[in-house]
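Report on the structure given below.
Please treat every number below as a calculation from the coordinates, not as lab data. None of the values given here were measured: they were computed from a predicted structure. Note: ideal-geometry Cβ built from the backbone for every residue, glycine included; neighbour counts use all protein chains shown.
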Amino acid sequence: MERRTHSITFLGEDPRFLAALLDSMVDMVIVANPDGTIKAVNRAVLDILGYEPEELIGENVGKIFAVEVEVEVEVFKGTSLSQLVKEGALRDVKMTLLSKAGEKVPALVSGSVVRDEEGKLLGVMVIAHDLRKLERLMAELEAIRGLGRELVLAADKERIIKMTLETATKVLHFESMAYLEVDESRNELVLKAIMGRPMPKEPFRIPIYGEKGITAVVARTGEPIYVPDVTLDPRYICLQGYQLRSELDVPVKIKGKVLGVINVEDEEVNAYTEEDLTLLSTLADQMALALENARLFQAERGQRELAEALAEAITVISGTLKLEEVLDRILEQVEQVVPGNAFNIMVLDGGKARVVRWRGYERFGVEDEVADLTLPITTYHTLLKMAETGEPVLIPDTSADPHWVRWEGWDWLHSYVAAPIQFRGATIGFLNVDGERPGQFGPADAQRLEVFAAGAAVAIHNARLAEELAESEARYRLLSEANLGGVYLFQDNVFRYVNPALAAMFGYTVDEIVNRLGPLDLVAPSDRPMMAEKIRKHLKGETTSVRYTFQGLRKDGKIIHCEALGTLTDYRGHPAILGTILDVTEQVQAQEEIHRRAREMEALYHLAEALASSLDLEEMLRSACQTLCEITGLEGVAIHLFEPEEKQGYVLSKVTDFRLLPITFTEEDIEGWGFLPQEPTFLEDIMSVPCVPEFVKQRGFISGAFIPLYTRDKMRCFLVLASKTHHPWTEEEKKLLSAIGRQVSTAVDKAFLHRKEKEMQERLFQAEKLASLGQLISGVAHELNNPLTSVVGYAQMLAQDPSIPERVKKDLARIQEQARRAANIVQNLLDFARKRPPRRELTDINELLRKTLNLRAYEMKVENVKLLTQFDPNLPWTMVDQNQIQQVFLNIIINAEQAMSEAHGKGTLRVRTGTTEEGLIRVEISDDGPGIPPEMLSRIFDPFFTTRDTGTGLGLAIAYSFVAEHKGRIWARNNAPDPGVTFYIELPVEKGEEVSWAEETLERWRREKERERSGKCVLVVEDEEAIAELLKRLLEEEGHTVDIVSSGEAALEFLRLKPCDLIITDIKMPGIGGKNLYARVKEMDDKLAQRIIFITGDVLEPSTQAFLASTGNPFLTKPFNLARIRELTRELLATGSSSLNCGS
C-alpha cells in the first residue's frame, strides 16, 4: 500500500522535523486555523479516519467531528472546542469523530491554543486518542466474565456449546462460526453447532486423519491455526454456496486431550488478528473446562445411580437365598425406578422363555395368560435379539415396530422395555416392563433396567446354587466369589469369611484377613469411632440393614473410599454381619474435582466482580491476593507495587494481613528490576534462580511463581507465589494464574488512571481556589493601603516637627517601622494575587539551585543542617522567571530548615535534580524533620494555612502559584517509613529566545539647580478624608494653596469655576474615578492633564498597569513617602512634566 505523506507545513522554514515528530505519534493530531479550517493533520488521522490529506486540508473541522460545528473567527461553537479557545486548554474530553466512511470513532480529546507574542490567536492544536480498542477490550472482558459465570453452573453439553458460541459472536466478527466435536470411535470431527448459516440436513463429518480439512489438522495437533487466505491453502474444504476467505481454528482441549474445534470464518482476507486468536483460545479453554466438568458430573451421577442399583441388588442377595423371594424383591425394585404398568421375569430354558414372576397384569385382565406364558424365542424378535446381543430392547411405540407380535386382548400395550438376565455371558432369562402409553419409556429406563437385570442374574444364580447346595457353606463361598464386589462375614470382631475381590481391594490375600483381622483394621483411623458405633448398633439389633461410606485403609497404607452394605444374620448359632463393600474411590475423586473446579470458577467470578466494582487500588489487590490464597492454598502469596521515579513501593501479602504497606527502594533495587522475568515464570526449585531474594529462600520456600503485571506496557507490579513443599505447576494452574495476572493488570491500570484523574481534579480545584482568593486579596490590599498611608504620612510629618521630643520621635519611628511591616505584608498579598505572566529567560536550574543554597549557607551552618546535593549534569536548560523560581526554592528550603530545627536541632537537607520519563525537569527537596500529618497534606498549598505559631502561611501558596504560572506542578509526600517530607517540583523544558530584561525603573535625574518656585494651586481628589488632610497639610507647608474634593464629579465642578496648577487624584473612587477624571481633564486642558499625579492602592492590577502606561503620568502607591510627594510636586510645577513616572 502506498505510504501516505503528511501535511504539516507550518511553524518554521523547515517543518520536516515537526512533521516527523507528529507522524510518529499513535494519537490523532489536528491543527486548525482561527477561522476553523483544517491546517494540518498527522498520519494517524489519515490512517484511522480513512482520508487523504487533500480531502481534509482547508476543510472545516466539522467534517471530522460528529456534531454540527459553526465557526467564526477565534470561536468554535457547538463543541467543547469553544471551551478550548476561551480557556486556552482542553483536557481529556470524550468526543466523537467521523471517518470518511461515516463510522463514528469515539475519542478522548485534549488540546491547546497557539498564540503569537502579542497574544493573537494563530490556531488550535487538538490531540485525539482512539477509544475503540479500549471499548472493545472492555466488552470482550465483560463477555468472557459473563461466560465464566454462566459456565460455572452449566452441566449440559449442548448448553455449554451454545453459550460459548453466543459469547464469541459478541466479541468477534464472522461470516460463519461452528463447533465440531471429536468422535473418538470413528476418528472424525462431527459438526454439533453452527452460527451464521443453517445447519446441514445431513450429518457433516470430517476424517481427523484425512488429507482435507484445516480443522482436522487442529484436532490432530492440538494447536490453533490461522489461515489469512484459505484459497491459498489446499487443505481448505469449501462448502457449496459459500465463498469465504479467512479461517481461524482453535482446539477445545483439556489435559492435552482435544475435545473439539471452534471454527470461525469470514469473507474478508486476513480478517483476524493475534488478539482475536488469544481471545478465541481463552473462550475455548473456558469451554473445555466446562465440558470436562459436565462430563465428570454426568459420569459421577451415572456411576452413582448404577452403584446404588447394583448395591440394592446385592442387598437382595445378601438378605435371602430363597429364589421366590429374590424374584419378588427384584420386581419390587424395578417398579420403583421404571415407570411401567406391568412387570414380569422370564427364565430361559431350552430355547423357551417362561414367565416365573409377574405383577400388574390383573389390571388389564390378562393375568391368567401371563401366569402360564411360555414363548419360543425364535418366534419373538425382541427376545431373540436380547439373547444374542446381551443388550436391552426399547420400543417406544409398539404400533410402529414392524417386528412386534400383536395378541388379542393386549391392545393396551403401547410401549415396551426389556433387558436380558445374563450370568457369566450366558442369557438365563429376561426382565420385561410393559406400558400403556406410547413413548412411556426412554433410554435411561433401558439403562436402569439393564442394571437391575444384572442384579437379577446374580440373585437368580445364587438362589439356584443355594437351593442345589442346601445352604452348604462351600456353595455359599462359590456364591460370594462370583460376586463382582467384596463380600464379607464377620463375627466377634473378626472376619470369618471374605471373598477374593474384597481381599484384593485392600491389598491382602484371603488368608491374611480371615480369622486374623477385624473390620476396624481395614478402616482409616479417622473413621474408626464411627464404624465401631455402627457395628455396635447393628449387633444389638438397633438397625437391621445399613448402608454407609467410610475411608478404607489398604495394606500399603493408601486410603480408599468405600461404600458398605450389611445385614444382621445368624452364623453357627451366633449373631454376625453379612454384607458387601464397593470401592467408590474414582467416583469420590471425580466429585471432589468437580467441587474444586466449581470453587475456582466461583472465586474467579468474585474476583472479577471485586475488580470491576471498585477503583481503589488496595481493595483490588487485596481481592486478588485473597482469591489466589483460596485457589492455590499456597503458604506464600504477595503482590509488589513500585514507582521507580519516586523510589517508593508497596507490598501486600498474607504476612501483612492483606494490607498495603509502604517500602523504600534503594538504587540497587531499581537496578535489579532489569533482571526480573518479563513473562510469567513458574519454578519447581527456586534455590537455583539468582534473582529470587535471599529472605525468600531463608523462609523455607522451595517452589514458586513470578507473574509480572503490566500497565500501559510498563511493569508496575508483580505477583509472587511460593510453596514450602515441592510443587509441580500444571498447565491448568499456569493458564489460570496467567489469566488472573492479566485480569489484575487491567484493574490496576484502571486504578492508576483513576488516581491521575483525581490528582488532576485536585490541581484544578486548587487553581480555582487560588484564583478566587487572589481577587479577594487584591480588594483587601487596596482597602488596607488607605489607612496605612495615613499612619505612615502623619508619623513622618510629626517626626519632622522640631518641637517633638527625641523620645517621641523614637516612638514615631517605631510606628513607621511597624506600618512599613504591614505594608510589606500587603505587598506579599499582592505578589500572590498578581496576574502578570512571569518574565522568563533561559536558565540553568542546577545553577539557580546553587545560588539559592548559597544564600542559605550561613543559616544552615548555624542550624546544624547538613546539605547533600545530587545534580544531574545533563539537566536541560529551560525558560523560567528566575526570581519566581528562586522564591519557590527559598520558601521550601526555609520551611525545611525550621521543621528540622524545631524537631531535633539539626538535620539533613537533600536536593536532587533530574528528568522524568515525560521529559520534565524534576527537583526534589527532602528533609528528615517530623513530616506533615497525612490529613494536612492536601491543605499545605492553601493561603494562610500553617502548622506553626509564626508565619503568614503564604510561602507555599505563592510557590504553588509561581509553579502553576510556569505550567508545572508541585506536590509533597512524606518519606514513610523514613522521617521527613519531600517536595517535588516539575517544570516543562521550554527553549525560547533569551531576552534581557532591563530593570523596571527609569533613569532618575534632578536639575542641577532648583528653580525658583512660587506658591501654586493644587487640587486633591481623594475619598479617604485622612489621606486628603495629610496631603493638604504637607503641600501647604510647601507654600501651595490646596483644595480638597472627595469625588471626580466635584473635581470637574471645581475646575469649571477655578483654575488649577496641579491635580493629585486617587484612581479608585465611587462615581467618576481617577481614570475617567483624567479623560475629562484632557478634553478641557491637555497641559493640565500632564500635571496629574495618580494615587493607587493596587498598581499590580492589569487594567491599572495598562492605564498608567498609556498616560505616562507619575503615580504613587499607598502607603507613599512624603519626600517623594514633595519631589514630584516641585518637578511638575516647575517643568510641566516629570521624569519620575514610577510609583514609590
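Listing for the model above:
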item	result
Estimated vicinal HN-Hα couplings, Hz - the range 1064-1070 in sequence order (Karplus 6.51, -1.76, 1.60; Gly, Pro = x)	10, 9, 6, 7, 9, 8, x
Cleavage-rule hits, GluC sites (Glu not before Pro), the range 496-580, DSSP coil, Cβ neighbours within 10 Å at most 14	542
Peptides ranked, highest mean first, by Cβ atoms within 10 Å: ranges 517-523, 931-937, 717-723	717-723, 517-523, 931-937
Packing-based ranking, highest mean first, of 411-420, 799-808 given that Cβ atoms within 10 Å are counted	411-420, 799-808
Extension gain, residue 839 back to residue 372 (0.36 nm per residue minus Cα-Cα distance, nm)	155.9 nm
Cα coordinate range in the range 841-987, projected on the principal axes (Å, largest first)	38, 30, 29
Residue-count net charge about residue 1089 - beta-carbon cut-off 11 Å; Lys, Arg +1, Asp, Glu -1	+1
Cut-off under 5 Å, modelled amide H: who pairs with residue 421 long-range	428, 429, 430, 431
Residue 278 paired with residue 238, simple spin-label distance in nm, labels 7 Å along Cα-to-beta-carbon	3.4 nm
Cα gyration tensor shape for the range 170-304, rounded if a/c is under 1.5, else prolate or oblate	prolate
The range 537-614: trypsin sites (Lys or Arg not before Pro) in DSSP loop, at most 15 other beta carbons within 10 Å	540, 554, 555, 558, 572
For the range 862-871, Karplus couplings with θ = phi - 60° (6.51, -1.76, 1.60), whole Hz, Gly/Pro x	5, 7, 6, 9, 8, 9, 10, 10, 9, 9
Integer Hz, Karplus 6.51/-1.76/1.60 couplings in order for the range 272-281, x for Gly and Pro	10, 10, 4, 4, 5, 4, 4, 5, 5, 5
Peptide ranges 1019-1030, 1042-1053 listed from the most packed, as the mean C-beta count within 10 angstrom indicates	1019-1030, 1042-1053
Distant-in-sequence amide H partners of residue 1042 (H built 1.01 Å from N, under 5 Å)	1018
Anchor residue 851: lysines whose Cα lies under 28 Å away (excluding residues fewer than 8 positions away in-chain)	647, 835, 861, 866, 906, 967, 991
Neighbour net charge for residue 860 - beta-carbon separation under 9 angstrom, K R +1, D E -1	0
FRET E, pair residue 810, residue 1109, Förster distance 30 Å, beta-carbon r, rounded to 0.05	0.15
Cα-based shape type of the range 1017-1135, given that a ≥ b ≥ c are square roots of the gyration tensor eigenvalues and the cut on a/c is 1.5	rounded
Cα coordinate range in the range 884-961, projected on the principal axes (Å, largest first)	39, 28, 25
Loop-resident sites, the range 1043-1093, for trypsin sites (Lys or Arg not before Pro), counting at most 16 other Cβ within 10 Å (DSSP)	none
Under-5 Å amide H pairs with residue 841, H placed in peptide plane, nonlocal only	880, 881, 882
Cα centroid of the range 889-945 to Cα centroid of the range 570-628, whole Å	54 Å
Residue order, fewest to most surrounding Cβ atoms within 10 angstrom, among 209, 226	209, 226
Local electrostatic count at residue 103 - Lys and Arg +1, Asp and Glu -1, tallied over other residues with Cβ under 15 Å	+3
Qualifying lysines (Cα of each under 30 Å from Cα of residue 253; at least 8 residues distant if same chain)	133, 157, 162, 170, 192, 201, 212, 734, 735
